[in-house]
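One structure below.
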Amino acid sequence: MNYFKKTFGGAWICLVFVLFLSLPVFGGEIETEYIPSMYASFLALVPPIVAIGLALVTKEVYSSLFIGILVGGLFYSGFSFEGTITHIFNNGFLSVLSDSYNVGILIFLVILGAMVSLMNRGGGSFAFGQYAKEKIKTRTGAQLATIALGILIFIDDYFNCLTVGSVMKPVTDGHKISRAKLAYLIDSTAAPVCIIAPISSWAAAVSGFVEGEDGFSIFIKAIPFNFYAIFTIIMMIALVLLHVDFGPMKAFEEKAKREELPSEDGKEEEGALDNKTAKGRVLDLLIPIISLILCCVIGMIYTGGFFGGSDFVTAFSNSDASVGLALGSICAIIITVIIYLIRKVLTFHQCMECLPEGFKAMVPAILILTFAWTLKAMTDSLGAAEFVAGAMRQNAGSLMNFLPSIIFLVACFLAFSTGTSWGTFGILIPIVVDVFSVSNPQLMIISISACMAGAVCGDHCSPISDTTIMASAGAQCNHVNHVTTQIPYVLVVASVSFLTYIIAGFVKSPWICLPIGMLLLFPALLLMKGKG
């Protein structure tokens with residue numbers, strides 16, 4: 001008994017002594033927040049610049065993104081080996097993969113991949129391709145049909161990219177349109193359309209960033225000033241109707257016209273031969289796609305409280321796109337499997353085989369997304385947002401009439417570097433509201449629109465943008481090929497938009513600026529056609 005008391009007493013004294021020694025350590029961790037020496041400086045933007053530059057030069061996206069992440073980890077830790085490793089994994093990979101929003105997007109990706117596999121295995125994609133060949137006789141018609149479908153699916157950019165790609169790929173393949181061109185058409189009808197659609201996840205995001213104002217009415221008023229989005233749609237249609245291709249895209253289009261097989265590497269896609277012998281019908285593609293659209297819309301308004309009494313617009317504005325798309329896609333794939341079993345298109349065993357096949361098809365997109373999200377986490381931890389916000393606040397007062405064009409350029413650079421347009425909205429829109437809400441409300445609307453347009457522009461051509469990655473996945477196009485072929489087209493529209501924003505800062509009327517911008521756009525296209 002005495003031995004027990006002595007042992008217990010000694011252990012208790014040791015425990016108290018250890019806790020006493022630990023107090024300064026624990027207290028320091030609680031009271032002192034670690035701030036890296038490079039925080040909120042231009043060096044915060046170096047990691048994404050390194051990653052993007054390497055990807056464009058080496059044409060290898062995975063290693064380029066990882067090197068960018070490594071640079072961010074080294075900057076954050078002050079070049080400490082242990083600090084770099086723990087930051088990259090704890091605050092990078094593990095953090096982004098445990099984020100509920102990101103997980104919802106990954107679930108949506110995997111399920112959509114499985115649905116595409118189901119439609120391919122059941123012959124629905126092949127049947128639709130054969131039907132479309134009979135109805136759509138020309139390459140021009142196939143491209144215009146892709147644009148039209150992309151404009152119709154304006155609810156969400158992720159949903160747009162993957163749905164349009166799965167529906168139109170058999171059609172564009174049949175007319176020997178390159179995957180790079182299909183990816184461009186998909187990407188250009190995703191974010192640019194969503195950012196001028198009042199009922200979309202993007203409208204909800206922008207409205208939420210306009211604090212102290214009626215965000216939704218400001219979004220509506222800003223639509224005519226969103227020059228990049230409007231000119232991108234006009235340019236797409238003009239490129240198709242005038243048969244204009246230039247830059248790297250021209251080489252891909254000429255190669256596609258010469259080759260019989262649609263894939264970029266000249267090999268028949270896995271499962272393509274099975275598609276040609278399957279007994280599928282056009283309905284076997286239309287029913288899954290329609291189910292997916294309806295279920296995803298219902299899922300999004302459900303998360304926004306529609307079934308709890310909110311009206312449709314309010315529910316859509318308050319929706320959680322990640323949860324809504326995940327719920328909708330799960331319901332849609334269940335409906336698809338049931339219909340295929342009832343119609344005896346596939347057996348239950350064949351349907352289940354499509355699940356891992358769909359997952360494998362989406363692995364490249366999932367890998368790139370994971371790396372891109374982690375790179376953004378590194379950039380955020382270095383204070384890139386604070387650096388840009390501080391620079392804008394310091395110079396806003398002296399640049400009043402030129403501010404829309406400058407905001408457009410800053411938003412382009414920030415979205416291109418970080419791969420996020422929504423993050424760009426969150427940084428720049430509150431600054432614009434602070435500067436102009438009282439002094440010049442009209443210039444505030446123009447500047448907010450310039451922020452949205454610049455964010456979409458940078459997002460549109462960034463290799464680490466979610467939407468760009470999704471467009472590559474939807475078209476089954478090599479990601480670097482999509483980026484390099486799209487950038488020259490983006491630069492043409494961005495240049496015209498920049499000049500138009502300079503004019504808008506002075507005349508403050510979209511109905512004067514839009515015709516001037518179009519007068520600048522068409523000569524630029526004809527000039528590029530002549531050079532191409």
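The values are calculated or read from the model by the stated rules, or taken from the named source; none is laboratory data. Small disclaimer: the values here were computed from a predicted structure and weren't measured. All Cβ positions, even for glycine, are placed from backbone atoms using ideal geometry, and neighbour counts span all protein chains on display. Quick note on the areas: whole protein, heavy atoms, side chains included, nothing else; ligands and nucleic acids left out. Shrake-Rupley method; radii C 1.70, N 1.55, O 1.52, S 1.80 Å.
For the stretch 167-178, just list the computed ³J(HN,Hα) in residue order, Karplus coefficients 6.51, -1.76 and 1.60, θ = phi - 60°, integers in Hz, with x standing in for Gly and Pro.
7, 8, 4, x, 6, 5, 4, x, 9, 6, 9, 5
What distance in nm lies between label points placed 7 Å from Cα along the C-beta direction at residue 34 and residue 434?
2.9
Give me the accessible area per residue for the stretch 416-532, probe 1.4 Å, as a whole number in Å². Intermediate values should be presented prior to the final figure.
On the way: 3580 Å² over 117 residues.
That works out to 31 Å² for each residue.
Do the alpha carbons of any pairs in 135/255; 133/169; 181/376; 137/181; 176/344; 133/181 sit beyond 21 Å of each other, and which pairs?
135/255; 181/376; 176/344
Could you sort 167-178, 450-461, 413-424 so that the peptide with the highest average Cβ count within 10 Å comes first and the rest follow in order?
Highest-to-lowest ranking by the protection proxy: 450-461, 413-424, 167-178.
Once you place label points 7 Å from the Cα toward the Cβ at residue 63 and residue 349, how far apart are they in nm?
Inter-label distance under the simple model: 4.3 nm.
Which ³J(HN,Hα) values in Hz, rounded to whole numbers, follow from the phi angles of the stretch 106-121 under the Karplus curve 6.51 cos²θ - 1.76 cosθ + 1.60, where θ = phi - 60° and Gly and Pro get x?
Result, rounded to whole Hz: 5, 4, 4, 4, 5, 5, 5, x, 5, 5, 4, 4, 4, 5, 5, 5.
With every protein chain left in place, what is the accessible area of residue 281 in Å² (1.4 Å probe, nearest 10)?
We get 150 Å² for residue 281.
Rounded to whole Hz and in sequence order, give me ³J(HN,Hα) for the stretch 406-423 from the Karplus expression 6.51 cos²θ - 1.76 cosθ + 1.60, θ = phi - 60°, writing x for Gly and Pro.
5, 4, 4, 5, 5, 5, 4, 5, 5, 5, 5, 6, 9, x, 9, 7, 5, x
If 250, 137 are ordered by their accessible area, calculated over protein heavy atoms with a 1.4 Å probe, which sequence runs from highest to lowest?
Numbers: 250 60, 137 150 Å².
Result, largest first: 137, 250.
Along Cα→Cβ, 7 Å out, is where each label goes; now give me the distance between the ones at residue 386 and residue 131 in nm to one decimal.
Placing both labels 7 Å along Cα→Cβ, they lie 5.7 nm apart.
With all protein chains present, how much of the accessible area of the stretch 436-532 (probe radius 1.4 Å) comes from carbon and sulfur, to the nearest whole percent?
That share works out to 74 percent.
If packing is taken as the average number of other Cβ atoms within 10 Å across a peptide's residues, how do 34-40, 282-288, 493-499, 138-144 rank, most packed first?
Result, highest mean Cβ count within 10 Å first: 493-499, 282-288, 138-144, 34-40.
What's the extension gain from residue 339 to residue 90 if we count 0.36 nm per residue and subtract their Cα-Cα distance? List each step's numbers first, then the result.
On the way: separation 249, 0.36 × 249 = 89.64 nm, distance 4.35 nm.
Length difference between fully extended and current span is 85.3 nm.
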